């Protein structure tokens, strides 16, 4: 009888661990200030968060436990992401720098200096050799990641630039701005080729779905799809309940998740333009969103210093 009880308790313990691994905590106190960016490592095991408490944190996603706090920025951190091989973590800040970190020990390995304002966002080229950055100084820059040196200031917008994205082939870069335009840049010639217009408020996020198709979100509360080569808008979804700040593409590039200032999240089918999932979260100010690696959850960062892990049902 005792052997059976021990076996049963061991079985329950195993099941409990499995459930905990499959269902991470719904709410995690992530920083001491608002959480502005989240990103997964390529293997999907580690989640990085960027906070306005000047820190970057790494989390074991399966358990929701903090792995490490990375300190070194002297201002709020606006964006965070991993390199393609997962060996480097990049972050950008109000302190005007982009820093590279070894995620295994939290030590800084590189610092990119050149912007004169908040570095709102950045993107890493598909080959992992180039980083593009954008700033409140209105500029878009390219950097050589081998030596950390600036390659080129591509140009500027008329206002703060909030987001940049490379096309899958790495030949094109898009930048989105508070000036209500999206600029398309040819990487080989390092020149602007198109300026996309139509939104009636700041454009806060942009991403390519293929080499010619672009999606954008903004404070006019619409999700827009563009033909980047032709410079034309092909579809508009919304309006949403919120000014939009966060966007994330699914692995198959068929769906787009968005998050907004009022705490609403949605998942959009890019083929038909319809929302397959809508939810009003219990926390305000969802500035960023990411799909979990298994795409069963949405992870959002909030004004309240928490991140929420929301089941997609």
Here the residues of the range 195-222 lying in the modelled label zone of residue 234, meaning backbone nitrogen under 11 Å from a point 7 Å along Cα-to-Cβ, are 209-215
Candidates 207, 30, 275; GNM for the chain (alpha-carbon contacts under 10 Å) flags as most fluctuating 275
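Name the shape class, rounded, prolate or oblate, that the alpha-carbon gyration tensor gives for the range 92-183, where a ≥ b ≥ c are the square roots of its eigenvalues, rounded holds for a/c under 1.5, and otherwise prolate holds if a/b is larger than b/c and oblate otherwise. Mind dumping the intermediate values first?
Values: a/c = 1.98, a/b = 1.35, b/c = 1.47.
Since a/c reaches 1.5 but b/c is at least a/b, the shape of the range 92-183 is classed as oblate.
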Residue separation between residue 294 and residue 33 times 0.36 nm, minus their alpha-carbon distance, gives in nm 91.1 nm
Helix-only [θ] at 222 nm, the chain, -39500 (n - 2.57) per DSSP H run of 4+, per residue, nearest 500, equals -2500 deg cm²/dmol
Taking a ≥ b ≥ c as the square roots of the Cα gyration tensor eigenvalues, with a/c under 1.5 meaning rounded and otherwise prolate when a/b beats b/c or oblate if not, the range 171-313 comes out prolate
Over its alpha-carbon atoms, the range 26-311 yields an Rg and a Dmax in Å of 17.2, 47
The value for the range 218-297 (convex hull of the alpha-carbon atoms, volume per residue, Å³) is 94
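Rounded, prolate or oblate: which fits the range 257-303 when a ≥ b ≥ c are the square roots of the eigenvalues of the alpha-carbon gyration tensor, with rounded for a/c under 1.5 and prolate only if a/b beats b/c?
Since a/c reaches 1.5 but b/c is at least a/b, the shape of the range 257-303 is classed as oblate.
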Ranked by GNM mean-square fluctuation in the chain (Cα springs under 10 Å), the top entry among 244, 281, 47 is 281
Helix 2-22: inclination vs the chain longest Cα principal axis, degrees, rounded to 10, gives 10
Mean Cβ-within-10 Å packing, highest first, puts peptides 50-56, 265-271 in the order 50-56, 265-271
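Laboratory data are not the source of any read-out in this text; all were calculated from the coordinates shown. Keep in mind it's a predicted model, so treat the numbers as computed, not measured. Positions of Cβ are generated from backbone atoms using ideal geometry, with glycine treated the same way; all protein chains shown enter the neighbour counts.
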